[in-house]
Every structure is written in structure tokens, then in C-alpha cells.
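Participant: Quick one: the structure is below, questions incoming.
The values are calculated or read from the model by the stated rules, or taken from the named source; none is laboratory data. This structure is a prediction, so every number in the text was calculated from the model and none was measured. Cβ sites come from the backbone with ideal geometry, for glycine too, and all protein chains shown count toward neighbours.
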Amino acid sequence: MSATISPEKIFHYPVLLNEVINIITPQNGGTFIDCTFGQGGYSKKILEYPNTKVIAIDRDKNSIQIASDLKQKFKGRFSFHNIKFSQIKDLKIDDEVKGIIFDFGYSLNQVKNHSTGLSFESTGELNMKMGLNDFSAKDVINKLDQRELEQIFKYFGEEKNSKLISKKIVFERKRRNLNTQDLVNIVKTAKKKYYTKTNPATKVFQALRIFVNKEISELTKSLKESASIVSQNGIIITVSFHSLEDKICKFFFNNLSKQDKGSRYLPEKKSLKKPFIFVTKKPIKPTPQELKLNPPSRSAKLRAIKKIGTYENDSNVFSKYEDLLNIEKFSEKL
Ligand SMILES: C[S@@+](CC[C@H](N)C(=O)[O-])C[C@H]1O[C@@H](n2cnc3c(N)ncnc32)[C@H](O)[C@@H]1O
């Protein structure tokens, strides 16, 4: 069966769908976990192949309706869990897991829904919650101190003007409650000179979204759990959209798959066999054809690894990203 995207049939374009299908080969059947169900693009495609099962996860309750339609259509082959993917370990799975798929970020539906406040055009309150959150962007902007805001913008958004922006926020919030448009305007005035085509508030919005949804701990925790859950010869695939996300996936995959070369100046070390191998040596990006159909896919990067040994929960991804995980802890006072 071909995995070609048919533009007449679907209004929503799952990013790098053909590439994901070619890697996980549902043609041969098996059980797959779709950790970011969204509108179900990947799940639906996998279920088209007989002898497949999909266990899907999404933190957004708006996915529940789409999921229940699929449950009806593919009785006994599809289940959905409205949980965060960091909770993947809580799933009761009897089958061998042939593939675990992550398509990070947010769906177009979430951006278009103005109540989530993920878009610069949103007119309402600052929110940015994807689902199952403890606090919103409004709490962050109004309650954290200047230094904490600065660090969030600097490390989660790689925003160069983080100091000035956080100073302006703290000044302005004394006078009124800040909504989404207030934040966009504060960033615009703080960054007097901007020449990029993207909205000047892009990095600040990215940083807030990462913080509100605890994306660093979600990502690091779920990658570690997935490495234990996936079966022998099973595959983990990530599709990331910003450099921080991709950096973490790359580090984790290298950590588990890259053989140490050793040094020619030191006595030969018996090299320990790594539990995974690379399926993709370099990240796969959308083809020009896909970019034409779906311009928001332009920053997508797909990476994949395959399990070939025993994973002893020995990745040091938590210590590597400890600084970022500590920034997430600012939320403890919210
Ligand atoms: C880019 S969309 C996925 C689109 C999907 N592949 C499709 O074809 O429809 C990302 C989805 O991941 C979900 N998500 C993001 N972080 C999550 C997390 N930590 N746990 C569970 N779901 C998450 C979002 O709610 C969103 O629906």
C-alpha cells in the first residue's frame, strides 16, 4: 500500500508522513504508540494497514472526539489516552511495541484556537496551555520575577534581548494586566530594530510555550521511558520543530547509538555495545513538494533509532540538560 499524501483527501497534512511510514513499515503489522495524536494523521495512516494496532496519546482534550471516531472505525485496534507523553510508562501494554512516534510541538488547530493564546494574533488572555497544565502564561508573566523571566526567554527562546524584554514586562505589569497583544507590543518596542521576516515576538512566545507545557522534562522523560518500552528491533522516531527540541533528541539518540571510537593514544578499551543503532544518520527534512503543500513543515527534522540490544536506563540526558530542567522549577512558586 502506498503512503502517498493525497491532498484532495485530507485537509490536514501530517508532517513527513511518507517518511515516518517508510521507516516504521506498518505493512508488516505490529503495535505502534503515537505519542502526539493531534488530529490523528499518523494513527489513521498506520491503521489503514491490516494487522496493525495503535495506542495513541495526546494531552489536548480536543483530540478525544477524533479519537473516538477512530475507535469506532477500527474496533479493538485503536485506543486513546488523554495523558501527557511523560506518563507513557503508565500504559498497560501487552503487545510488543514496534514503533514509538513523537511529532512535537502544537497542531494548526491549537494555533487557530484563539483561546489557547499560542498565536500572535490572539486577542484574549495569555494562556499557551496545551492541556493538563498546572499554570498558564498569564501566571508566568505576572508572577515570576525579572531574573526568572530573563532566563526563560534566554534559554528556552534563545532570545538575545531577554533582559530588556523582562524589564519592560515587570514595569508594564505594575500598571495593568498584560494580555497577548500587550506582550507582543512590549517585545516589539524592546526590540526596536528587527529585520527578520518572522514576528519579533516569536522567540518569547516559543520560550513561554516551552515553560508553560514543561516541554523539556516532558521530552527528556518520555525519551528515556520509550527506550525501555520499545521492543527489540523496534523504532523510536522524533519529528522536532525548534533547535532546542532537536538538540535534545540528537543528544539522546547519539548517547544510545553512537559507538565510542576510543583514542589511539590510550590502551584499547573493550567497547560496550550500544543498545540502539541509527536509522537516520542525518535528520530527514521535508521535500520541496511537501513544503509547497504545507509551508509550516519547513523547520521539521526527523530522527530515528532502532533497538538492537538491552537498554539499562543509562542515558545521561537528565544531567546533560539539568540547567534547563532547573529553569522549569521556577514554576514551583506559581
Ligand atoms: C504537531 S501535533 C501532532 C499532529 C499529529 N501527528 C497529526 O498528524 O495530527 C502535536 C500534538 O502533540 C500534543 N502534545 C504536545 N506535547 C505533548 C505532551 N507532553 N504529551 C502529550 N501530547 C502532547 C499536542 O497537544 C498536539 O496535539
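Participant: So in region 120-139, with the set limited to residues that are crowded, with 16+ Cβ neighbours inside 10 Å and hydroxyl-bearing (Ser, Thr, Tyr), which one is farthest from the ligand (Cβ to nearest atom)?
Facilitator: Among them, the one singled out is Ser122.
Participant: Being in contact (Cβ under 8 Å) with a residue 60 or more places away in the chain and under 26 Å from Lys307 (Cβ atoms) is true for just one of Asp90, Asp60, Asp95. Which residue is that? Talk me through it step by step, then tell me what you get.
Facilitator: Values: Asp90 fails: in contact (Cβ under 8 Å) with a residue 60 or more places away in the chain; Asp60 fails: under 26 Å from Lys307 (Cβ atoms).
Of the residues listed, the single one that is in contact (Cβ under 8 Å) with a residue 60 or more places away in the chain and under 26 Å from Lys307 (Cβ atoms) is Asp95.
Participant: Here is a follow-up. If a residue must be within 15 Å of the ligand (Cβ to nearest atom) and surrounded by fewer than 23 Cβ atoms within 10 Å (Cβ to Cβ), how many such residues does region 231-243 contain?
Facilitator: Here the count works out to 2.
Participant: Restricting attention to region 140-160, which residues are under 16 Å from Arg173 (Cα atoms) and buried (at least 16 other Cβ atoms within 10 Å of the Cβ)?
Facilitator: Initial filter on region 140-160 (under 16 Å from Arg173 (Cα atoms)): 140-150.
Result: Val140, Ile141, Leu144, Glu148, Leu149, Glu150.
Participant: Considering only residues of region 25-76 that are within 11 Å of the ligand (Cβ to nearest atom) and of a type in the set (S, T, N, Q), which is surrounded by the most Cβ atoms within 10 Å (Cβ to Cβ)?
Facilitator: Per the stated criteria, the residue is Ser43.
Participant: Going by the structure shown, is Thr31 in contact with a Lys or Arg (Cβ under 7 Å, 6 or more places away or on another chain), assigned by TED's automatic domain parsing to the domain that holds Arg303 and polar (S, T, N, Q)? So that I can check it myself, show each step before the final result.
Facilitator: Working: in contact with a Lys or Arg (Cβ under 7 Å, 6 or more places away or on another chain): yes; assigned by TED's automatic domain parsing to the domain that holds Arg303: yes; polar (S, T, N, Q): yes.
In short, yes.
Participant: Select from region 196-230 the residues that are basic (Lys, Arg), away from the ligand (no atom under 12 Å from the Cβ) and in a helix (DSSP H, G or I) and list them in ascending order. Steps first, please.
Facilitator: Quick first cut of region 196-230, residues basic (Lys, Arg) only: 197, 203, 209, 214, 221, 224.
Going one step further and asking which of them are away from the ligand (no atom under 12 Å from the Cβ), we end up with 197, 203, 224.
Those that are basic (Lys, Arg), away from the ligand (no atom under 12 Å from the Cβ) and in a helix (DSSP H, G or I): Lys203, Lys224.
Participant: Any residue in region 30-51 that's of a type in the set (Asp, Glu): show its pairings with residues that are part of a helix (DSSP H, G or I) and within 6 Å of the ligand (Cβ to nearest atom) at Cβ separation under 8 Å, as long as the two are six or more apart or on different chains.
Facilitator: Note: pairs meeting the criteria are Asp34/Tyr42.
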